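The values are calculated or read from the model by the stated rules, or taken from the named source; none is laboratory data. In this text, all values refer to a predicted model and were calculated from it rather than measured experimentally. Counting neighbours? That spans all protein chains shown, and the Cβs are built from the backbone with ideal geometry, glycine included. Side chains are part of the model used for accessible areas, which takes the heavy atoms of the whole protein and leaves out ligands, DNA and RNA. Shrake-Rupley method; radii C 1.70, N 1.55, O 1.52, S 1.80 Å.
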Amino acid sequence: MTVLRRAFTVPLVSILMVSVLVSGPLLLTGAGITGLLTRSSRPPRTVALLMTYAVIELRTLVKLLRGNCDCDQLMQDILTSVYAAVRRILDVEVVLESASAKPDAIPRDEPMIVLSRHCGPGDSVLVAWLLAIEYRLQLRIVLKAVLQCEPLLDLGGELGCLCFLSRGDRARAQIRGLAESLVGGQAMLLFPEGANFSWPRWRKAITQLRSTRGFRAAGRALRQSHTLPPRSGGAEAAVAGAPKANVLVVTHNGFCADGRPRPWWQLPIHSQLLIRTVVVPAARIPPPTRVGPWLERTWTQVDAWVAAHAEHS
């Protein structure tokens, strides 16, 4: 199945990326004219970012197909290139809140479990950049299996930095196994909400809570309108696999004025992604069977922080 998938996705994506670069001058000209007519810099910025993405994709695919790639170095190279492009083309900057954990204060004698908010396309890449480049952590990122359709991620997953999840108990076993393999200086990145925030997902989650856990849990989720109710299965499995790991809770204000996700086609420009990080020592993390209530309380604080800081996005 893997060979068949790659036989389709690698040539297809490569052809698409080459086509973007070949047609780049024409696309930039059209985008520039559109920008003048609409008095917006977004069209040319969008094309420029797409062309940069094509360069990064093709360059990295060549490295992966040649083999002998170091997982952590490859991830650092990609994240550094992506953030440089975002800064230069979109004028978007990652800003660490002053009260956050400083890079030198991050414990490195034990592994780290990172629980991050996930809101809108692209924010996960900037969170990963902060962790890998600013915090100098060796990242192990948990992703949905559908993302294997992206050949860069698919091939990179074989190096050990990415974990593509199956469903149900199999996914929990994957997370636990990855957590057990972590050593000091390494960090597993999880997104407890499971998906980007959207109003349909938010309403569906509340309906499910009403039917499974009662009106009290649904009422709490109803009051937290900037985040989706966190799913505890992944966090429980991670804590079970790495009971001595510290936890880093990552919150950010998103790129929309209300702190919720922007439309995917509307790239942010002249923006700051304000990020807050909090280190929770392993001694303060409850056992796996009690991680669920702890995670709910933690996400209540995450939601309140986003609501208070949304106006800075």
Interchain or sequence-distant (5+) residues whose placed amide H lies within less than 5 Å of the amide H of LEU273 are GLU93, VAL94, VAL95
For segment 170-313, the per residue accessible area (1.4 Å probe, Å²) is 48
Under the helix-only model (-39500 (n - 2.57) for each DSSP H run of 4 or more, divided by the residues of the chain), the mean residue ellipticity at 222 nm, to 500 deg cm²/dmol, is -16000 deg cm²/dmol
Residues whose modelled amide H sits under 5 Å from the amide H of SER100, counting only those 5 or more places away in sequence or on another chain, are THR277
In nm, the gap between the two label points placed 7 Å beyond Cα toward Cβ at ALA308 and ALA99 is 0.5
Extend 7 Å from the Cα of VAL62 along its Cα-to-C-beta direction; within segment 12-27, residues with backbone N under 15 Å of that point are 14-15, 17-19, 21-22
Tilt, helix 199-212 to longest principal axis of the chain (alpha-carbon atoms), in degrees rounded to tens, equals 20
The helix 2-22 Cα axis meets the longest alpha-carbon principal axis of the chain at an angle in degrees, between 0 and 90 and rounded to 10, of 50
Here the residues of segment 219-255 lying in the modelled label zone of VAL125, meaning backbone nitrogen under 20 Å from a point 7 Å along Cα-to-Cβ, are 251-255
For LYS204, counting only lysines whose alpha-carbon sits under 24 Å away and dropping same-chain residues fewer than eight positions off, the answer is LYS144
Phi-derived 3J(HN,Hα) across segment 133-144 with the Karplus relation (6.51, -1.76, 1.60, θ = phi - 60°), rounded Hz, x for Gly and Pro, is 9, 6, 8, 6, 9, 7, 7, 10, 9, 8, 10, 6
Computed ³J(HN,Hα) along segment 79-85: with the Karplus parameters 6.51/-1.76/1.60, θ = phi - 60°, integer Hz and x for glycine or proline, the list is 5, 5, 5, 5, 5, 4, 5
For the THR289, ARG170 Cβ pair and Förster radius 25 Å, calculated FRET efficiency rounded to 0.05 is 0.80
Carbon plus sulfur, as percent of the 1.4 Å-probe accessible area of the chain, comes to 59
Within the chain, the cysteines whose Cβ lies no closer than 4.7 Å to any other cysteine Cβ are CYS69, CYS119, CYS149, CYS163, CYS256
